[in-house]
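A.B. asks: Pasting a structure below so you can have a look.
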Amino acid sequence: MHRTQDTYPLSHFRQKTGEHLARLADGAIETITQNGEAVMIVMSPARYDALIHEVERGHLWDRSLARIEAGEDGVSSAHLKQALRDEIGRMP
């Protein structure tokens, strides 16, 4: 989860890049500011991929619920449970 204490000025990011990279490798997300305004969010590629995966999965759930509400057939609970087990096993 991103927290406001994970906010640093750009000058700190430049001077202590190694410290920032270590936190990012541990999964941190940081906000970098310039002149007191947020100018970028920094995270590791693995964290970004996980975030995008969550967004994509949310869209799939939304589409599935819409199909069910429209009266279309869904999938069996056994199939869904196995798909979730497979997905969780692949997550970073």
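The values are calculated or read from the model by the stated rules, or taken from the named source; none is laboratory data. Worth saying up front: this structure is predicted, and the values here are computed from it rather than measured. Virtual Cβ from ideal backbone geometry, glycine too; neighbours counted across all protein chains shown.
A.B. asks: Say whether the condition of being touching a strand residue (DSSP E or B) at 6+ places or on another chain (Cβ under 9 Å), charged (D, E, K, R) and surrounded by 12 or more Cβ atoms within 10 Å (Cβ to Cβ) is met by at least one residue in the stretch 39-52.
C.D. replies: no
A.B. asks: Just to be sure, is VAL55 touching a strand residue (DSSP E or B) at 6+ places or on another chain (Cβ under 7 Å) and without any contact (Cβ under 8 Å) to a residue 60 or more places away in the chain?
C.D. replies: No, not satisfied.
A.B. asks: Okay, next question. Can you tell me how many residues within the stretch 37-92 are modelled with pLDDT of 80 or more and aromatic (Phe, Trp, Tyr)?
C.D. replies: Residues meeting the conditions: 1.
A.B. asks: Restricting attention to the stretch 9-19, does a residue exist that is closer than 28 Å to GLU54 by Cα, surrounded by 12 or more Cβ atoms within 10 Å (Cβ to Cβ) and touching an Asp or Glu at 6+ places or on another chain (Cβ under 7 Å)?
C.D. replies: no
A.B. asks: Another question about this same structure. Could you grab me the full set of residues in the stretch 38-53 that are β-branched (Val, Ile, Thr) and in contact with a helix residue (DSSP H, G or I) (Cβ under 8 Å, 6 or more places away or on another chain)?
C.D. replies: VAL39, VAL42
A.B. asks: Restrict the check to the stretch 27-38 and report whether at least one residue is outside the structural domain of LEU80 (by TED's automatic domain parsing), free of Cβ contacts under 8 Å to residues at least 24 places away in the same chain, more than 21 Å from the chain's Cα centre (by Cα) and assigned to a helix (DSSP H, G or I).
C.D. replies: No, the conditions are met nowhere in the stretch 27-38.
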